[in-house]
Every structure is written in C-alpha cells, then in structure tokens.
C-alpha cells in the first residue's frame, strides 16, 4: 500500500503543472460562477494548495479519516462554503472534485506498466469518491446553515420594534402570530425595553387578520413579559369585530390596557410617561 | 448562610440580590426583610434582581410571597431590573406573577413606590 | 458522519440545596462553552434547578450527569437526574400540577418539561426516578 501511495504521489508531483492546467480549464468550463465569484487567481491558488495537501497526505500513507488529510479537508470545507455562497448547483459542486479523476487516470496510463494500473486506479478512485462525498456534505451543511440564517433574518425583519417617542416603543404586528413568532417578538421587544429603558410598549394588532384564542394567549404572554420587566403594555388596534370575537371566545384582556386606534394608544402612552407632543 | 445586604433609605428598604441564592438562603432573606420592615416600619420595599440570572419556581414564589407578606405589614413591594431571559423563562414556566409591581430600574422603582404609597394603590407607572 | 454520541461528561452528587446551585453552575458552564444563547442557557439551567431540587426534596439525594451530545449535525446538552427515592405514583398528575395549584415543594417537574426541547421520565414506585432532559443548539 505504502508503495502505491508514494508512487501515486510522485506521479502527481511530477505532473503538477499539467494537472493544474487541465483542472483549471475544466473548472472554467463547468463551474463558471465559482470562478467569477472568487476570481481566477484565487482559484488557481486554492487548487494548487489543494493538490499540494493531497500529495502531501498521500506520501504520509494514511487513510482519508487520518490526520494527514486534515489540511485537504479544511481546504475543501472552505471551498465548499464558497461554492454555497456563489449559489452553485449540486452537480457543479461534485464536478469540482470529480473532474480530477479524468485528469489523473490518463497520467497513470502513460507513467506506469499495465500491471500496476489497477491498484493505482482503485486508490485514486476511492480517494476522489470520498473527497466528493465530503465536499457534497459540507456543501449541504453550509446550505442548510445559510437557509437558517436567512430564516432568522426574515424573522427579525418581520417583527420590527420602533422607538416612536422617548421611553415609548411600538411593535406593529402583521400577519400570523404563531408561537415561534411570538417568542421572537417578545425577545425583540424585551431587548428594546432593556436597551432604551422604555416605560411603555405599544403592540398594534391592526395588521393581524384573525384574532383567535391562541393569538390572544400569545398577546397576553407578550404583554405579561413587558410588565414583568417593569414596563406597561398597551394593545391597540382592537376593532369592533375583534372585541366581539374576544368576548365571545371568553378571552379576558381586562388586566391589560387596550385601545381601538394606535393614535389613542400613543396619546395614553405620552400621558403615562408625562410627555406632550410639541 | 449567605448574607444579602438590606439597605434603608428614608422610608424605603432596598435589597440588591447580588449572589445566587439557594432555597434556604432565599427563605432566610425573606425572614430578614420582614424583620427589617418590622423594625424600621418602611413604607416601601425594592428588591433589585438586576444581576439574578435564574428565577425558578421556588425563587419566583419567594418573591411573590414576600411582596404579599410585606403588604400585610403595610409595605408595598417593587421588583426591579428583571432580565429579559429570566422574564421569558418565567412565562414559559407558566408563572405570570401578576400580583407583583415591577420597574425597569431602582429609580423608576422609587417613583412607582411614591405613587403606590401616596394613597393610590392602582397599578401605575408614572 | 457521527451518530449520537457524548463527549464531555460530568457527574455531580446532589444532596442539599447548595448542590442544586452547583448543578446549575455546571450545566451553565457547559452550555456557555458550547455557545448556547443566553436565553437557551437560562431556560435549561432553570429546568436543572427544578429537577435537582426535586431530588433533594423527594429522594433526599440523587445524581446528576451533564453531557454534551450530538445527533446528525446538531450539538446539544443532556442532563440526567437519577435518584433512589420513592418514585412517582401518577406521572401525568405530577406533570400537570402547576406551581400555582399547591404550596408543596417539588412542583417543578411540569415546569422543567415546558422548558426543554426533550424530556423523558422513567419512574418505579419504591425504586426511584430517572429524568432526562436535552436541549439542542439552533432552536
């Protein structure tokens, strides 16, 4: 085994320039967006680094999980992440590694007897397969991570907290209020209360189409949270139909301050904080 | 036993909780606060939990009970500075602690106490 | 790919209220080092507090182990509470009981369940109770 690995390493080392040259051509052809996003020079640098670490690892006579492949794996992790950010397709990602096979095999053919070929083929084959799988796994993981980040960003954007007056913040609620959004909203609201030391939080529910018992419970939780922090919460946007529904459903909001319009709520908030407009 | 400082400023007793209290220490603190009220006849009590990182069901109940006991002795209680993580955890536990008066900080707490002990017992934040 | 496995592990004997504080600190330390958010830490440590107290109150003493665990791509923390106390007759009732319904101690079981992503309880009357809670990163 040792012999085959070092022999393969030697052939790769002797033909480095040629391998890189062909690999670059393949990459420019197949993964154009990657080349565009990181630039041709950076890509050339990375592929060369990668080939070096591979040759290095081969001469250490270790298997793919071993320490000698640490550098190769780290480099591939970096490149895969880059590929995710450049929105490469899964096939482009796998081609990045697999194109190496078509370059290395002909080299073996010209550099050794037929008797040695099979062992070398199988070595490089399994190595490239594992690299391919590894790359794809990292790609997949970083894609999931990216999606989570985007989801998080969306959640934050979807619950804005506006500091509308000194010591008064306002949270306009729009759309569905499920438990995960409520948690998010509460966290954003409490952070703002803490940061601005605001005394009043106005939750405006004008943008919530249906207020049922579940939504009401979320509102009560959020209002209680503001209260525990030491602020007061005013719920505005309680239109006639919502008020009817709430009472018919048996939801008790009597412990909280509620108003029909945001304007009324703001006026009350100003009074509560001893402030006047103008 | 862990000692918690109990300060007296004018008519107000201020208790800044600076360490993690285990259950017996929390009970001990409750007793000491009530003894202090008895001794000095304070009208207001402020418990500052600004650096308390955990309020579980036991500690939550100690706070609520202390406020109730103090009220029986004619002293209004304001809990100040509760951290947002603590607040969210308490709510998830199902502890709304609706009977408690709260304020963002000691200064607001004193303002609220003046209001509360000025004969007006409505919840107010002015 | 690694399957479920545990890396760091720590055993704490919980026999009095000061040990409950120690149990909380150990759970927090591990979560801090794993990069859990402050909110996640507060939730989990509160649950640890409830369950550790339960052991002291109902069983006199018990054992807590804190482990870092992994499943698929997620990292998590696991706390196991094991005691040789009287066990629980009616688990459903014990879980339903809120802190507001009674003044007796050790009502934290239901509370702990509400705070954790995963909650598992095994109990045998006369033999003891084992509660396992887990929290995963990125929740």
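Readers should treat all values here as calculations from the given coordinates under stated rules, not as data from a laboratory. No experiment lies behind these values; they were computed from the predicted model shown. Here Cβ is always computed from backbone atoms with ideal geometry, including for glycine, and neighbour counts include all displayed protein chains.
Cβ-Cβ distance of residue A:141 and residue C:117, R₀ of 25 Å, FRET efficiency by 1/(1 + (r/R0)^6): the value works out to about 0.75.
Please work out, to two decimal places, the log10 of the ratio I(q)/I(0) at q = 0.26, 0.28 Å⁻¹ from a Debye calculation in which every Cα of the range A:58-126 carries one identical scatterer. Here log10 of I(q) over I(0) equals -1.16, -1.19. Projecting label points 7 angstrom from Cα along Cα→Cβ for residue A:71 and residue B:68 puts them 7.0 nm apart. Computed on chain A, with alpha-carbon pairs under 8 angstrom and 6+ residues apart, the relative contact order is 13 percent.
Placing pseudo-labels 7 Å out from each Cα toward the beta carbon at residue A:260 and residue A:4 gives an inter-label distance of 8.5 nm.
Of the residues C:125, C:69, C:48, the one that moves most in a GNM of chain C with alpha-carbon contacts below 10 Å is C:125.
Peptide B:106-118 is shielded by partner chain Cβ atoms: per residue, an average of 1 of them sit within 10 Å of its Cβ. Taking every DSSP helix (H) stretch of at least 4 residues in chain C, weighting each as -39,500 (n - 2.57) and dividing the sum by the residue count yields a mean residue ellipticity at 222 nm of -11000 deg cm²/dmol. The equivalent ellipsoid that matches the C-alpha gyration tensor of chain A spans semi-axes of 65, 17, 16 angstrom, in descending order. With a Förster radius of 41 Å applied to the C-beta separation of residue C:138 and residue A:247, the computed FRET efficiency comes to 0.50.
Counts of other chain beta carbons within 10 angstrom of each beta carbon in peptide C:110-117 average 3.
Net length available on complete extension from residue A:112 to residue A:21 is 30.6 nm, with 0.36 nm assigned per residue and the Cα-Cα distance removed. For chain C, a Gaussian network of Cα nodes joined below 10 Å ranks C:34, C:55, C:44 by mean-square fluctuation, and the top entry is C:34. Restricting attention to the protein assembly as shown, close to 60% of DSSP beta bridges with both partner residues there are antiparallel. Listed peptides B:43-50, B:95-102 appear in the order B:43-50, B:95-102 once ranked by packing, highest mean of other Cβ atoms within 10 Å at the front. Take each residue of peptide C:42-50, count the partner chain Cβ atoms within 10 Å of its Cβ, and average: the result is 6. Take the Cβ atoms of residue C:15 and residue B:11, set R0 to 41 Å, and the FRET efficiency comes out at 0.45.
Considering only beta bridges that DSSP places wholly inside chain A, some 20 percent are antiparallel.
Per-residue ellipticity at 222 nm computed for chain B from its helices equals -14500 deg cm²/dmol, with DSSP H segments shorter than 4 residues left out and the rest contributing -39,500 (n - 2.57). Please give the Cα centre distance for the range A:55-77 versus the range B:33-81, rounded to the nearest Å. Taking the Cα centre of each part, the range A:55-77 and the range B:33-81 sit 62 Å apart. For the range C:5-136, relative contact order (Cα pairs under 8 Å, six or more residues apart, normalised by length) works out to 27 percent. With Cα atoms defining each centre, the range A:246-278 and the range A:81-148 are spaced 63 Å apart in the structure. Each Cα pair under 8 Å and six or more residues apart adds its separation to the average, and for the range B:7-117 the resulting relative contact order is 28 percent. The alpha-carbon atoms of the protein assembly as shown define a convex hull whose volume equals 209 cubic angstrom per residue.
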